[in-house]
Amino acid sequence: MVKKILLLGSGELGKEFVIAAQRLGQNIVAVDSYEGAPAMQVADAFEVINMLDGEALDIIVAKHQPDIIVPEIEAIRTERFYDYEKQGIQVVPSAKAANFTMDRRAIRDLAAKDLGIRTAKYLYAGSLEEMYSVVEEVGMPCVVKPLMSSSGKGQSVIKCQDDIAKAWDIAGSKGRGDSGDVIVEAFVKFTSEITLLTVTQKNGPTLFCPAIGHVQERGDYQQSWQPAVVSDADIKVAQDMAAKVTASLTGAGLWGVEFFICEDGVVFSELSPRPHDTGMVTLAGTQNFSEFELHCRAVLGLPISEITLERVGASAVILANHEGTNPYFVGLEKAAAYPKSDLRLFGKPTSREYRRMGVTLAYNTVGTNVFNCVDQAKEMAAQVTVKNK
């Protein structure tokens, strides 16, 4: 049966979701705050609104009468989702999940206080004055994040007293939504970071993808690889944590659950109720279904019997280094010449410093060294330069 899906947020992750959904015959309306967003380029229809405007959101929902609402970003008036569910609209994964995970306070308190899951020590601050005392209690170094943001936006590390005011300003200018509060986390001494893509189904067991390793800079991922090099014991702990949190939040869909792997065990970091940027490595054919295909199948209630590792692979980001319009790419021929490779260009209409404009992908057979794929993906990305007309 064809469903009308309202996609709220139309970036590169949304674009791949639209492609996966249309391959299954679905009808997609892509929504974002600007025209020409990546997912709009492949959707059946699009709308341009400020999704933090609850009335504008209500109007779009009433106009299109969707069967399913799929949020792709945090900056949405998510409290409206409860009303939409009462109207019989399926919210992905659920109204509760969308509301909790769009707010770091809600999801962190759920994990640490309600479910007893191990997290970094953390406190909240609602003003610069309060942040000074909170940093003193948490200790330095520590990480500061807006309560609402995505892809590391507004995140910074405090190493000394002089960093506190700067971190407060960064969080205030780069955060999303209308909450000015921040979360201050103790710095975790980790050996690696992983994303555990977790799939909850309407009528089936919770499934886990092979863990994905990743490297971040400026709070945003730079490379990711699958599978991550993690012990079976740590993977089991991470899976148990992910299952516990997703079950509490309810609903069907794919979740990106992030963990720190430390010498003394696993620490829960964050959770996104949708495909994860580090999961773009699955576009290299590392799994029998990409993360976007898994999300779509779970949303539509199609059974997923298993998730299997088909290749080892890696992704690396292609970044812009300046602000401009009508971006184009130089060096694609060199990047595309590598064996066992692929790439994705997102089609964003504007560029800015460090904006993610595409990814390179490298893969090899199962059992080969995944870090060779990482090196190749990085080399490929280095061949590509973003310019503006």
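The values are calculated or read from the model by the stated rules, or taken from the named source; none is laboratory data. All of these numbers come straight from a predicted model, not from anything done at the bench. When we count neighbours, we look across all protein chains shown, and the Cβ atoms used for this are built from the backbone with ideal geometry, even at glycine. Ligands, DNA and RNA are stripped out before the accessible areas are found, and what is left, the full protein with its side chains, is counted by its heavy atoms. Shrake-Rupley method; radii C 1.70, N 1.55, O 1.52, S 1.80 Å.
With the largest listed first and rounded to whole Å, the semi-axes of the equivalent ellipsoid of segment 1-147 from the Cα gyration tensor are 34, 16, 15.
Between amide H atoms placed 1.01 Å from N, distances below 5 Å from ASN388 occur with TYR328, all of them 5 or more places distant or on a separate chain.
Per the Debye calculation on segment 94-173 with a single equal scatterer at every Cα and no solvent contribution, log₁₀ I(q)/I(0) for q = 0.24 Å⁻¹ amounts to -1.21. Once the 1.4 Å probe is applied to the protein heavy atoms, segment 287-389 comes out at 48 Å² accessible per residue. Its alpha carbons give segment 88-137 an Rg and a Dmax of 14.5, 48 Å. For ASP240, what is the net charge nearby, where nearby means another residue's Cβ is under 14 Å from its Cβ and Lys, Arg count +1, Asp, Glu -1? Local net charge: +1. If R0 is taken as 41 Å, the Cβ-Cβ distance between SER248 and LYS389 corresponds to a FRET efficiency of 0.25.
Figure note: CYS373, CYS160 ranked by solvent-accessible area, largest first, 1.4 Å probe, ligands and nucleic acids not counted: CYS160, CYS373.
Give the total of Lys-Lys pairs in segment 244-389 with Cα-Cα distances below 22 Å; include a pair only if its members are 8 or more places apart or on different chains. Going through segment 244-389 pair by pair, I get 9.
Karplus-based coupling profile of segment 202-211, in residue order and whole Hz: 5, 9, x, x, 6, 10, 10, 7, x, 4, with θ = phi - 60° in 6.51 cos²θ - 1.76 cosθ + 1.60 and x standing for Gly or Pro. How many angstrom lie between the C-alpha centres of segment 277-304 and segment 308-357? Here the answer is 20 Å between Cα centres.
Max-minus-min Cα coordinates of segment 134-286 on each principal axis give 49, 35, 30 Å, with the largest extent listed first. Computed over all pairs of different Cα atoms, the Kirkwood value for the hydrodynamic radius of segment 177-231 is 14.1 Å.
GNM remark for the chain: springs join alpha carbons under 10 Å apart, and the peak mean-square fluctuation among ARG104, ARG274, ARG218 falls on ARG218. The HN-Hα couplings worked out from phi for segment 380-388 by the Karplus form 6.51 cos²θ - 1.76 cosθ + 1.60 (θ = phi - 60°) are 4, 4, 5, 6, 9, 10, 8, 10, 10 Hz, whole numbers, x standing for Gly and Pro. Computed from backbone phi, the HN-Hα couplings of segment 132-142 come to 4, 6, 5, 4, 4, 6, 6, x, 10, x, 8 Hz, rounded to whole numbers (Karplus: 6.51 cos²θ - 1.76 cosθ + 1.60, θ = phi - 60°; Gly and Pro given as x). Calculate the translational D of the chain in whole µm² s⁻¹ from Stokes-Einstein, where the hydrodynamic radius comes from the Kirkwood formula applied to all Cα pairs, the temperature is 10 °C and the viscosity 1.306 mPa s. Approximately 75 µm²/s, per Stokes-Einstein.
Dimensions of segment 277-389 based on its C-alpha atoms, expressed as ranges along the principal axes with the largest first, amount to 47, 34, 19 Å. Among TYR363, TYR354, the order of accessible area from largest down is TYR354, TYR363, computed with a 1.4 Å probe on protein heavy atoms. Under a 5 Å amide H cut-off, with hydrogens placed 1.01 Å from N, SER269 pairs with GLU258, PHE259, PHE260 among residues at least 5 apart or on other chains. Work through the residues other than PRO275 whose Cβ is under 9 Å from its Cβ and net out their charges, Lys, Arg +1 and Asp, Glu -1. With Lys, Arg at +1 and Asp, Glu at -1, the neighbours total -3. One chain, two ends: LYS86 and GLN161. Fully extended at 0.36 nm per residue, the span grows by 22.1 nm beyond their Cα-Cα distance.
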